[in-house]
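Presented below is the structure to which this report refers.
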Amino acid sequence: MNPQHQAAPLAEHEVTAAVQNLVGAFARTDTDAYFAAFAPEASFVFHTEDRRLESRAEYEALWKSWLAGDWSVTGCESTYARVQLFGSSAVFSHTVRTTTSTGGVEEVTNERETIVFARIDGRILAVHEHLSSSPAAAGTA
């Protein structure tokens, strides 16, 4: 690759801002803002699904099916966050406690999440997300 065309390295504050936008949109169940934080070719691995989702469009279709079932996020608490920088990409990991409501019935989940970010066409976008279950009383990431 020609060095003139390489993406600039990411800085921690850029990744943190991208995380805040993504997690904030998720916490508000803001579909448009949430999916705008992902590259179209992003992939997703969720412990609740039986297969990897190979694109943002696949995840967005799943999300819309949840919304159709009267689902929404009512709370989202991120703890034990860590950002690791790798040139023009970065790995963000944290423990997340999410409260959702489906038909008025609330559910709380405790999970660990890893999101890989990359600078693409001048934007910081998520290119992969992996969500796994975490013990309810998780004390560390």
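Values quoted throughout were computed directly from the atomic coordinates according to the rules given, and no laboratory measurement underlies them. Keep in mind that what you see is a predicted model, and the values were worked out from it rather than measured. Because the Cβ atoms are built from the backbone with ideal geometry, glycine has one as well, and the counts that use them run over all protein chains shown.
Dividing the alpha-carbon radius of gyration of the chain by the rule-of-thumb value 2.2 N^0.38 Å gives 1.07.
In a simple Cβ point-charge model (Lys, Arg +1; Asp, Glu -1; nothing else charged), the chain has a dipole of about 320 debye relative to its Cα centre.
Packing-based ranking of 99-108, 26-35 yields 26-35, 99-108, ordered from highest to lowest mean Cβ neighbour count within 10 Å.
The H on the amide N of Ala42, modeled in the peptide plane, is under 5 Å from the matching H of Arg56, each at least 5 residues off or on a different chain.
Peptide packing: for 109-121, 51-63, the average count of neighbouring Cβ atoms within 10 Å per residue gives the ranking 109-121, 51-63, highest mean first. If you run the Gaussian network model on the chain, springs between alpha carbon atoms under 10 Å, then out of His130, His47, His94 the most flexible one is His47.
Charge tally around Arg97: other residues with Cβ under 14 Å, Lys/Arg +1 each, Asp/Glu -1 each, net -4.
About its Cα centre, the dipole of region 96-139 is roughly 200 debye, where the only charges are +1 on Lys and Arg Cβ and -1 on Asp and Glu Cβ. The helix-based estimate of mean residue ellipticity at 222 nm for the chain, built from -39,500 (n - 2.57) per DSSP H run of four or more residues and divided by its residue count, is -7500 deg cm²/dmol to the nearest 500.
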